[in-house]
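Report on the following structure.
The values are calculated or read from the model by the stated rules, or taken from the named source; none is laboratory data. On a predicted model such as this, the values are computed, not experimentally measured, just so you know. Neighbour counts run over all protein chains shown; Cβ positions are idealised from the backbone, glycine included. Note: areas computed on protein heavy atoms with side chains; ligands, DNA, RNA excluded. Shrake-Rupley method; radii C 1.70, N 1.55, O 1.52, S 1.80 Å.
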Amino acid sequence: LTVTSAFPGVALAAAGDEISASAAIEASAAPKTMSASEKMGALEVTLYGTEQAGALVSRMDSLEDDVYGTITTDPILNRVDNLYDYINGYAGSGEASFLTKLNAVEWQFTESTAGGPAKSRIEALETMLNGEVGAGSLAGRLEALANLVFQDGIVVVETVTLPKDSVIKLEFAEDLSSKTAKAGDVVKYKVADNVFVNDVLVLPKGAEGVGKVTKVVGPRMFGQDARIDVDFGFIYAIDNTRVKVFLGDVAKQAAETVAGAAGAAIGGMVVLGPVGIIGGAFVTGKSVNIPAGSTTFVQVKADTDIQGMVYQGSN
């Protein structure tokens, strides 16, 4: 087994203590039975970025028309389940889901994934390639894009295990400051480097991560700087699996090794600034500021099965 990540030399070392978990993140990452309404809302957020208003049936009609280009006649609960499985995939299918295929196509074109609403991502790819947004169903338009980079438009997938304690390099997507942050705030970040298990891509560069601020401590007596503690929650893998990650000893070791004297220790993290910003810029007047683009490292909480893309190079 070979895990290729931002810091493979410590990918399988022993784990350290985990930071305090955010109950909200743990709950959202845990498997649960979803109602039809919850699945509908999740589909709308995945495709459009926000949950839509209106009656369940009319919303389902709109979703099917957008995705399939037609409206099916099955019972409404079956329709919701079928579309949810088509978009997200299901264990043992052996085929790439809509989201896996979109991530794979986007990665083949740009060597990263953008995140955000699926419809907008398809439109961005079409505009990049053709200068205009395409017409027709989202499924058909994604197939057309896939045919440009994969033989017969088929994304070859394989289920592999991303080992516990694999080290992931991440990049903060937004500024984070002890002057404005408070416990419970969402922390958005993305994967900074591709992660493969053997020749299978499991975490593409740009994959989105979601965490939370767990504690903010202001400047203290005797010259002690402010502190921000973060629960890094989970990262969306190429197949949309939620990979739970945390800031443990292995991740800290990786960050310290890479950072040397250029990193800043912030709330247990060693953070490297964006290009042109040195570590000292993070601490200003005893406050703590982490600019967007800053990087650090986390590690995988437990062995995680992912249906990844078998890398075959560019066509």
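Quick notes
- Annotation note: of A96, A104, A135, the sole residue that is in a loop (DSSP other than H, G, I, E, B) and either within 30 Å of S287 (Cα to Cα) or within 18 Å of the chain's Cα centre (by Cα) (or both) is A96.
- In the set (1) at pLDDT 95 or above; (2) open to solvent by 60 Å² or more (accessible area, probe 1.4 Å), the condition left unmet by G92 is number (1).
- Filtered by the rule that a residue be within 15 Å of Y189 (Cβ to Cβ) and either modelled with pLDDT under 85 or open to solvent by 10 Å² or more (accessible area, probe 1.4 Å) (or both), the stretch 291-303 gives P291, A292, G293, T295.
- Among (1) under 30 Å from D85 (Cβ atoms); (2) crowded, with 23+ Cβ neighbours inside 10 Å - the single one R242 does not satisfy: (2)
- The single condition from (1) modelled with pLDDT of 95 or more; (2) under 28 Å from G273 (Cα atoms); (3) open to solvent by less than 60 Å² (accessible area, probe 1.4 Å) that K164 fails is (3).
- Helices (runs of 4 or more DSSP H) within the stretch 1-84 that include 3 or more residues surrounded by fewer than 18 Cβ atoms within 10 Å (Cβ to Cβ) and at pLDDT 90 or above: 36-48, 56-67
- Residue in the stretch 254-273 that is at pLDDT 80 or above, surrounded by 21 or more Cβ atoms within 10 Å (Cβ to Cβ) and in a helix (DSSP H, G or I) present: yes
- Residue match in the stretch 119-136 (condition: at pLDDT 95 or above, open to solvent by less than 20 Å² (accessible area, probe 1.4 Å) and among the aliphatic types (A, V, I, L, M)): yes
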